[in-house]
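Visitor: The structure that follows is given in the form of structure tokens.
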Amino acid sequence: MDDPKPQDLHDWNRWFAVECNNHAWECAEQPPSDPDAIESMVRCAFASAWHWQQVGTPINLLRAESLLAWVHAIAGRAPAADRYTRSTQAHLDRRIDGITLWDRAFHGLVLALNHAVSGNHGSVPSALSDADVLAASLSADDRAVYNKFRAAVPEVM
């Protein structure tokens, strides 16, 4: 078999990054309860992140890490969720090109969910409040998606 051309590799990496990302998000919207389905969701998120690492921009990497944080949190894997939440925050702190209000608002949800699964319940309301303030300025369509994911974060007081 001949080696693939560099452009072909780039195109395939991008294709797999997008497909794995979309599949992982579809799973995350209706979190699976079956252990095999949870593992598939997490593996798709990892696959997406790997492919973005090959061909993506810093904003792609930020969003891949955000997805990893979210899927680990809804899977109840607190140490991994915390690792990827901190990594996402580091990307946000570097103020890379392309960061949107959505990225910041969703990170607030990731942070709140991470606090909840880590047992840091006292920090959940503040993280949710901060995220909600940002989400108030999202477009109606983005706010609808935000609200769907916000419903997954337990209201812990």
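The values are calculated or read from the model by the stated rules, or taken from the named source; none is laboratory data. Please read all numbers here as calculations on a predicted model, not as lab measurements. Counting neighbours? That spans all protein chains shown, and the Cβs are built from the backbone with ideal geometry, glycine included.
Visitor: Test of understanding: among S123, S139, which residue is touching a His at 6+ places or on another chain (Cβ under 9 Å), more than 29 Å from N13 (Cβ to Cβ) and not acidic (D, E)?
Guide: Values: S139 fails: touching a His at 6+ places or on another chain (Cβ under 9 Å).
Of the residues listed, the single one that is touching a His at 6+ places or on another chain (Cβ under 9 Å), more than 29 Å from N13 (Cβ to Cβ) and not acidic (D, E) is S123.
Visitor: Of all residues in the stretch 109-134, which are surrounded by fewer than 21 Cβ atoms within 10 Å (Cβ to Cβ) and not β-branched (V, I, T)?
Guide: Those that are surrounded by fewer than 21 Cβ atoms within 10 Å (Cβ to Cβ) and not β-branched (V, I, T): S118, G119, N120, H121, G122, S123, P125, S126, S129, D130, D132, L134.
Visitor: For C44, only one of the following conditions fails: (1) among the hydrophobic types (A, V, I, L, M, F, W, C); (2) over 21 Å from I99 (Cβ atoms); (3) in contact with a Gly (Cβ under 8 Å, 6 or more places away or on another chain). What is its number?
Guide: Failed condition: (3).
Visitor: Whether any residue in the stretch 78-96 is part of a loop (DSSP other than H, G, I, E, B) and within 15 Å of the chain's Cα centre (by Cα) is what I want to check.
Guide: Within the stretch 78-96, not a single residue is part of a loop (DSSP other than H, G, I, E, B) and within 15 Å of the chain's Cα centre (by Cα).
Visitor: Another question, if that's okay. Name the single residue, out of those in the stretch 1-56 being of a type in the set (K, R) and touching a helix residue (DSSP H, G or I) at 6+ places or on another chain (Cβ under 9 Å), that is surrounded by the fewest Cβ atoms within 10 Å (Cβ to Cβ).
Guide: Kept after step one, since they are of a type in the set (K, R), are these residues of the stretch 1-56: 5, 14, 43.
Pick out the ones that are also touching a helix residue (DSSP H, G or I) at 6+ places or on another chain (Cβ under 9 Å) and you get 14, 43.
Details: R14: 16, R43: 14.
For the stretch 1-56, the residue satisfying everything is R43.
Visitor: Give me the pairs: first residue in the stretch 27-48 and closer than 14 Å to A69 by Cα, second residue in a loop (DSSP other than H, G, I, E, B) and not hydrophobic (A, V, I, L, M, F, W, C), beta-carbon distance under 6 Å, and six or more apart or on different chains, which are they?
Guide: I38/P32
Visitor: Now for a different question. Of the conditions (1) within 14 Å of A69 (Cβ to Cβ); (2) touching a residue at least 12 places away in the same chain (Cβ under 8 Å); (3) not aromatic (F, W, Y), I99 fails just one. Which one is it?
Guide: All conditions pass for I99, except number (1).
Visitor: Select, from V110, V124, the only residue that is of a type in the set (A, V, I, L, M), assigned to a helix (DSSP H, G or I) and at pLDDT 95 or above.
Guide: Working: V124 fails: at pLDDT 95 or above.
That would be V110, the only listed residue that is of a type in the set (A, V, I, L, M), assigned to a helix (DSSP H, G or I) and at pLDDT 95 or above.
Visitor: Provide a single number: the residues in the stretch 43-101 that are of a type in the set (F, W, Y) and under 15 Å from E26 (Cα atoms).
Guide: Keep residues of the stretch 43-101 that are of a type in the set (F, W, Y), which gives 46, 50, 52, 70, 84.
The next check asks that each one be under 15 Å from E26 (Cα atoms); those that pass are 46, 70.
Residues meeting the conditions: 2.
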